[in-house]
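Remarks on the structure that follows.
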Amino acid sequence: MGVGRGGGRELIRVALGRTFTSVINGLWTVFGAKKGPLPRPRSRRAAIVEGNLKFIRPPSNPYPIQAVVIPMPRTVWDREPGEIRRPGTIHIAIMALLIGVGAVAGTFGSLSVPLGYGVTGFWPGVAVQAVGGIWFGMWGVIAGFLFPFISNSLAGAPLYVSFAYLPSNLIQGLLPAWAFRYFKADPSLKSGRDWILFLVFGVIVNNILGAAWAVTALQWFGLITVESVPLFFSGWTIGNGVPALIFGAILLKALSPLVVKHRSFVKGWWA
Amino acid sequence: MAEPVIRVEGLKWKYEGSRDWVLRGVDLEIHQGEFVGIVGPNDSGKTTLAMSLNGLVPNNYPGVMEGRVVVDGMDTREHSVAEIAESVGFVFPDPESQFLSMTVEEEVVFALENRGFPREEIEERMWWALELTNIPEDYLEKPPYELSGGEKQRVAIASVLAMRPKIIVLDEPTSMLDPIGKTEVIEVLTEMKRRYNATVIVIEHRLEDIAPLADKMVLVYRGTIPKVAPPREFFQDVDFLLEHDVFPPDVMVLVNELRRRGLYDGPVPMTVDEAEGVVREILGRR
Amino acid sequence: MPTKMRRSLLGYLPVDSPIFSLHPMTRLLFLLIVSAYPMIVRLPELNVAGSIFMLALFKVSKVDLRVIKNYKMAFVNLFFVIAIAYTFFGGYNPDYRVLIKLGPVKVCWENLRWATVVYIQLIFAILIMIFFLSTMRERDIVVGLRALRVPFVLAYMAGLALRSIGLSIIDFNTIREAEKARALDLQALPFSEKVKKFGMYIVPLVALAIRRSDEVSNALDSRGFRFTGLRSGRRTDYILSKYRMTRLDYAVLAGMGVFLAGIVLISVYTDWLALENSLLYRI
């Protein structure tokens, strides 16, 4: 089997790529204009593209079992030959400023449709978490991890509740950051694939995981009853999911073309 | 003649994504202790030139550079901005954008802390800079953002002065200030010229204030330097300046007009007092 | 003569407030240690006592009590959320005493009692947070963190982040005022329209933050700041050296620590702090 550079890592990418393709097929089946799987490419050698790899679908086998490396167009995540990237003061600055923007956006949300304990029916701060991670790597993730602590405190959440939410805030920024880098999605959301990746990892899965942790923590602290878990879980998921989709997409579409050219843009995790 | 403290040789600069060169082959030499005024119309490349003197260009901005800039023996392509900052202090146009701390005291000592000076020396330099910029002691605990425009810019200058750099670059330090603030900053520049023998480079639109202080005036026009001269010589050809979108002070334009009409053939005055003398001389003759 | 004021994170505080006689590190640790009390103690009587103690601290520290009024809506919302969560979603046990029956919903005394316990506990916790925000300046947080030997770059980032909140609020208000000047009344809009308008705020806010990052980075570099990871290098801590820990600081820290250890030990080894000892549980 001709797996390209990267050995094990690429195999994982292959596996995830197949899963991801199945998800796309599924979504297409549910929401697409036509019933059935994604239309097959006209050419038998047409391909499923994952990052720099192109998996050739043999005519007789519906699943990609062979992979060969075919140079793909450069993405915003690829480094130029000889390009040196180092963390610098620009990253410190962008992280701090993102905390400021996130705290303002988060406080606005926490006060507008409060469900209690900082859980809100509308929390635009999550958009800053998602796009911050996508654009600025770990700097954005850390900013997204910390600013709810401030916005929740300003909105009147006790310290320990804010502490309890930290893992939720981490995952909500980290997951889209990882997904966009791993699958080399374009932050400008140029293709349907980019949109689906954003929808899956920046809107749905990250917020479901965030909500799951948050309500578990609230329940551990005895602040909510087991019976009210669905209320808070759905409040968190919807309250985060809707603004993540609307504002996240607006921010990515409007500002990504500028951000990717800015020196604060992070192609790896730290620079 | 002594080695220049700043040497710009054939500097060309183009920002990434831009088709046009902002600087198109600039040559400039500045010597230790000179007070240099840089003038020119908007978008002529003055700020880019200023930023190339402390290494912000090319270190902090992606782009294409040709030629070289050597500041106090450091080639700006080979040294970081932080290294160059040991010799060059930089004051930005917007005082708020350069504040890094929450109180005036922290702001003024920030660079000194970075350089690892002993506590006593930090304190001594801080008081010296505050005194030179006329900032009262009871401002130390205040957030710099709550001061007036002129006070803000004076704090910014004090923060740079405290480092006692060999070279201070001020990029349009009065452009965002009200008239009172502008006067306060010009007074500080005058005091700096009188008491602090550093190389001072000021980009400024208020020519009437800068001309009397400057040892040398530099005209930047469309990414080039068409004229470098001592102020008196620089302003002699008022028409040349007007052709290059630089508007000399009214007194100079007035006397230039008098020269054109054959009423006066002496040098162009630099100050209102000098202009008054010229007018009195003409009136006395009639 | 007007009293000289210092700006805190939530407002202004007189310069002669006794809170300023404490080292910023002590005040920072106050938040961390005292916030643990309502986490550990559920007994409402103790949490009411804690809340009264906090109100007394507000008074002694000369904090303008109007700052608490700003949180009026937060307290009211919290009350309703807890009340609804515990009555409608509080669960039912045949042993519970039903107070009111609203169709299928049974409002039980046990659920209401538990809601009261949680609400009182949260009021104490929130008052601690408001007190902290009302008495700390950005500088105090940075000094406190530096005194706790947090690497300079992290302490500095914390300060810069707090400052950037102020900048973002100014930007946010500027954009909002511009919208108002064009006769937009956000309050009068339905929620869906508010959401749309918020999109107009968040894009310029983030764009301004990105532009500001250039300015801050240029200013940091121009003042000789070198990013060396978590190592502080040769940096002098001049500002920190201006603060001294006094006997009062050590006494306050010891008092808070002993009290915390005390309630931990009491709650682990005795049932003195058990809810059953509360008056609410004897009704």
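The values are calculated or read from the model by the stated rules, or taken from the named source; none is laboratory data. What you see is a predicted model; the values in this text were computed from it and never measured. Methodologically, a virtual Cβ is constructed for each residue, glycine included, from the backbone with ideal geometry; neighbour enumeration extends over all protein chains shown. Side chains included, ligands, DNA and RNA excluded: accessible areas come from the protein's heavy atoms. Shrake-Rupley method; radii C 1.70, N 1.55, O 1.52, S 1.80 Å.
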Out of the residues in segment C:7-21 that are open to solvent by less than 30 Å² (accessible area, probe 1.4 Å) and at pLDDT 90 or above, state the one that is farthest from the other protein chains (Cβ to nearest Cβ).
C:ILE19
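State all residues of segment B:79-91 that are under 17 Å from B:LYS152 (Cα atoms) and within 7 Å of another protein chain (Cβ to nearest Cβ); if no residue qualifies, say none.
B:PHE90
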All-but-one check, B:LEU241 against (1) closer than 24 Å to B:THR133 by Cα; (2) open to solvent by less than 10 Å² (accessible area, probe 1.4 Å), failing number (1)
Tell me, yes or no, whether segment C:74-83 has at least one residue that is free of Cβ contacts under 8 Å to residues at least 60 places away in the same chain, facing another protein chain (nearest Cβ under 10 Å), open to solvent by 80 Å² or more (accessible area, probe 1.4 Å) and more than 19 Å from the chain's Cα centre (by Cα).
yes
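Please state which one of C:SER222, C:SER213 is open to solvent by less than 50 Å² (accessible area, probe 1.4 Å), without any contact (Cβ under 8 Å) to a residue 60 or more places away in the chain, touching a Leu at 6+ places or on another chain (Cβ under 6 Å) and among the small types (Gly, Ala, Ser).
Answer to the check: C:SER213.
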Qualifying helices (runs of 4 or more DSSP H) (wholly inside segment C:94-183; at least 3 residues being in contact with a strand residue (DSSP E or B) (Cβ under 8 Å, 6 or more places away or on another chain))
C:109-135
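Got a sec? Which of C:TYR96, C:TYR37, C:TYR92, C:TYR86 is within 14 Å of chain A (Cβ to nearest Cβ) and open to solvent by less than 20 Å² (accessible area, probe 1.4 Å)?
Among C:TYR96, C:TYR37, C:TYR92, C:TYR86, only C:TYR86 is within 14 Å of chain A (Cβ to nearest Cβ) and open to solvent by less than 20 Å² (accessible area, probe 1.4 Å).
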What are the pairs with Cβ atoms under 7 angstrom where one residue, in segment C:25-36, is touching a residue at least 24 places away in the same chain (Cβ under 8 Å) and the other, located anywhere, is among the charged types (D, E, K, R)? Sequence gap at least six, or different chains.
C:THR26/C:ASP249; C:ARG27/C:ASP140
Listed by range, strands (runs of 3 or more DSSP E) wholly within segment B:141-257 having at least 1 residues that are over 25 Å from B:MET126 (Cβ atoms) and either among the β-branched types (Val, Ile, Thr) or modelled with pLDDT of 90 or more (or both) are B:199-203, B:216-221, B:224-229
Looking at the structure I just gave you, is B:SER18 open to solvent by less than 30 Å² (accessible area, probe 1.4 Å) and polar (S, T, N, Q)?
no
Selection status of A:ILE250, under 19 Å from the mean Cα position of the chain (by Cα), open to solvent by 40 Å² or more (accessible area, probe 1.4 Å) and within 11 Å of chain C (Cβ to nearest Cβ)
yes
If you go through A:PHE232, A:PHE198, A:PHE221, the only one that is open to solvent by 10 Å² or more (accessible area, probe 1.4 Å) and of a type in the set (A, V, I, L, M, F, W, C) is A:PHE221
If I go through segment B:31-52 residue by residue, how many of them are at negative phi and either charged (D, E, K, R) or in contact with a Ser or Thr (Cβ under 6 Å, 6 or more places away or on another chain) (or both)?
3
Within segment C:118-134, how many residues turn out to be facing another protein chain (nearest Cβ under 9 Å), more than 9 Å from the chain's Cα centre (by Cα) and either open to solvent by 20 Å² or more (accessible area, probe 1.4 Å) or aliphatic (A, V, I, L, M) (or both)?
2
Can you tell me which residue is surrounded by the fewest Cβ atoms within 10 Å (Cβ to Cβ) among those in segment C:137-169 that are β-branched (Val, Ile, Thr) and facing chain A (nearest Cβ under 10 Å)?
C:ILE169
Is it true that some residue in segment A:127-139 is modelled with pLDDT of 85 or more and surrounded by fewer than 20 Cβ atoms within 10 Å (Cβ to Cβ)?
no
Is it true that B:MET102 is open to solvent by 10 Å² or more (accessible area, probe 1.4 Å) and within 7 Å of chain C (Cβ to nearest Cβ)?
yes
Give the residue, chosen from C:ILE82, C:ILE52, C:ILE68, C:ILE40, that is touching a Gly at 6+ places or on another chain (Cβ under 7 Å) and β-branched (Val, Ile, Thr).
C:ILE82
Filter segment C:84-125 down to residues that are touching a residue at least 12 places away in the same chain (Cβ under 8 Å) and of a type in the set (Gly, Ala, Ser) and give me whichever is farthest from C:ARG42 (Cα to Cα).
C:GLY91
Hey, any hits in segment C:185-204 for a residue that's assigned to a helix (DSSP H, G or I), modelled with pLDDT of 85 or more, out of contact with any Gly (no Cβ under 6 Å at 6 or more places or on another chain) and open to solvent by 20 Å² or more (accessible area, probe 1.4 Å)?
yes
Could you list, in sequence order, the residues of segment C:40-63 that are open to solvent by 70 Å² or more (accessible area, probe 1.4 Å) and not in a helix (DSSP H, G or I)?
C:LYS62
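Residues checked against (1) open to solvent by less than 10 Å² (accessible area, probe 1.4 Å); (2) at pLDDT 60 or above; (3) of a type in the set (Lys, Arg):
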residue: A:ARG57; (1), (2), (3): no, no, yes
residue: A:ASP78; (1), (2), (3): no, yes, no
residue: A:HIS91; (1), (2), (3): yes, yes, no
residue: A:GLY106; (1), (2), (3): yes, yes, no
residue: A:GLY125; (1), (2), (3): yes, yes, no
Identify all residues within segment C:236-263 that are under 26 Å from B:ARG119 (Cα atoms), open to solvent by less than 40 Å² (accessible area, probe 1.4 Å) and either in contact (Cβ under 8 Å) with a residue 60 or more places away in the chain or part of a helix (DSSP H, G or I) (or both); write none if there are none.
C:TYR238, C:ILE239, C:LEU240, C:SER241, C:ASP249
Which residue pairs have Cβ atoms under 7 Å apart, sit 6 or more places apart or on different chains, and have a first residue in segment B:207-227 that is touching a residue at least 60 places away in the same chain (Cβ under 8 Å) and a second that is of a type in the set (Ser, Thr, Tyr) and surrounded by fewer than 19 Cβ atoms within 10 Å (Cβ to Cβ)?
B:LEU213/B:THR190
